[in-house]
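Asks: Pasting a structure below so you can have a look.
The values are calculated or read from the model by the stated rules, or taken from the named source; none is laboratory data. None of these values were measured; they are calculated from a predicted model. A quick note on method: Cβ atoms are made from the backbone with ideal geometry, for glycine too, and the neighbour counts reach across all protein chains shown. Heavy atoms of the whole protein, side chains included, go into the accessibility calculation; ligands, DNA and RNA do not. Shrake-Rupley method; radii C 1.70, N 1.55, O 1.52, S 1.80 Å.
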Amino acid sequence: MNNSLELLNLSKTYSNGVKALDDISITIENGMFGLLGPNGAGKSSLMRTIAMLQTAESGTILFNGSEVLQKPEEIRSVLGYLPQEFGVYPGLSAWELLHHIAVLKGISDGRSRTAQINQLLQQTNLFQHRKKAVSSFSGGMKQRFGIAQALLGNPKLIIVDEPTAGLDPEERNRFLNLLSEIGEHIIVVLSTHLVDDVQELCTQMAILNQGKILTKGNPQSLTRSLEGKIWAKKIQKAEMSRYQKDFNLISSKLIAGKTKIHISSEVNPGEGFEPIQPSLEDFYFSMLQTQKSKS
């Protein structure tokens, strides 16, 4: 079955006046969907709103055509959620904790519960660690355990919030492979500030900043829209302010004592700039820069 999550005109302002969500509308279907944005962009607010952990002031959420803000149990019953940080009970083993969560999720039949827990421990490569306390797990193991608990009950929608932050490269690859495998038949929403996570995994994405969706589409197509428009040059750090003033500078990176800058320009800017093949990171930074120049 092809699942569909529709967000229509969602808005949320906190009591301190911060507008976390500003008229967000987007449709998400089966597969990996990347929600990309800097820290503080509103990603976690949006994830918590979809997961029915906080309410929106206005707007509508439809899941497979059913309005769920008025009936939150309809989406909770098909939802798996891995928040940015989640606590675990000290001393409980992976098997014991999954058993406890499965009971809370209403998986009442003991035999099917045991079979599902064992299958998820195998899928997340944690079966051999099932008797160890989850509190003793490494960061990557905890994230894989988080996916195992999110998958209990065969959800149709999985939300993962900043899942690879702090993981070493090997654990990150293992975790992303697991997510990719899961995302073939259900909706997986991956919220992150890491461009590489979206580029490697997602067939659809959106960029969120200051509570607004700046753009949405296929990562490769969005990147191709900048072909012939991104230029690079190495400069001295002291020259940075002039280049910021004279060009549409979208990013800078220190490499071997020199600063490498990328600019966006429809025509050859001269001054020793070289044309480069754009990356998703270039597209991302150019969108943030465009929004900044408009505000």
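Asks: If I ask for residues that are more than 16 Å from the chain's Cα centre (by Cα) and either open to solvent by less than 10 Å² (accessible area, probe 1.4 Å) or modelled with pLDDT under 95 (or both), which ones from segment 25-51 would you list?
Replies: Scanning segment 25-51 gives no hits.
Asks: Taking the options S93, S66, S58, name whichever one is touching a helix residue (DSSP H, G or I) at 6+ places or on another chain (Cβ under 9 Å) and open to solvent by 30 Å² or more (accessible area, probe 1.4 Å).
Replies: Exactly one of S93, S66, S58 is touching a helix residue (DSSP H, G or I) at 6+ places or on another chain (Cβ under 9 Å) and open to solvent by 30 Å² or more (accessible area, probe 1.4 Å), namely S66.
Asks: Can you say whether S221 is small (G, A, S), exposed (fewer than 12 other Cβ atoms within 10 Å of the Cβ) and assigned to a helix (DSSP H, G or I), as far as the supplied structure shows?
Replies: The answer is yes for S221.
Asks: Got at least one residue in segment 200-218 being in contact with a strand residue (DSSP E or B) (Cβ under 6 Å, 6 or more places away or on another chain) and part of a helix (DSSP H, G or I)?
Replies: Yes; the residues of segment 200-218 include at least one that is in contact with a strand residue (DSSP E or B) (Cβ under 6 Å, 6 or more places away or on another chain) and part of a helix (DSSP H, G or I).
Asks: If W95 satisfies all but one of (1) over 29 Å from F63 (Cα atoms); (2) touching a Leu at 6+ places or on another chain (Cβ under 8 Å); (3) part of a loop (DSSP other than H, G, I, E, B), what's the number of the condition it fails?
Replies: Failing condition for W95: (3).
Asks: Here is a follow-up. Is it the case that Y81 is out of contact with any Gly (no Cβ under 6 Å at 6 or more places or on another chain), hydroxyl-bearing (S, T, Y), under 29 Å from T192 (Cα atoms) and open to solvent by 60 Å² or more (accessible area, probe 1.4 Å)?
Replies: Here the answer is no, as Y81 does not meet what is asked.
Asks: Any residue in segment 119-126 that is closer than 17 Å to L92 by Cβ and either without any contact (Cβ under 8 Å) to a residue 12 or more places away in the chain or more than 23 Å from the chain's Cα centre (by Cα) (or both)?
Replies: Yes.
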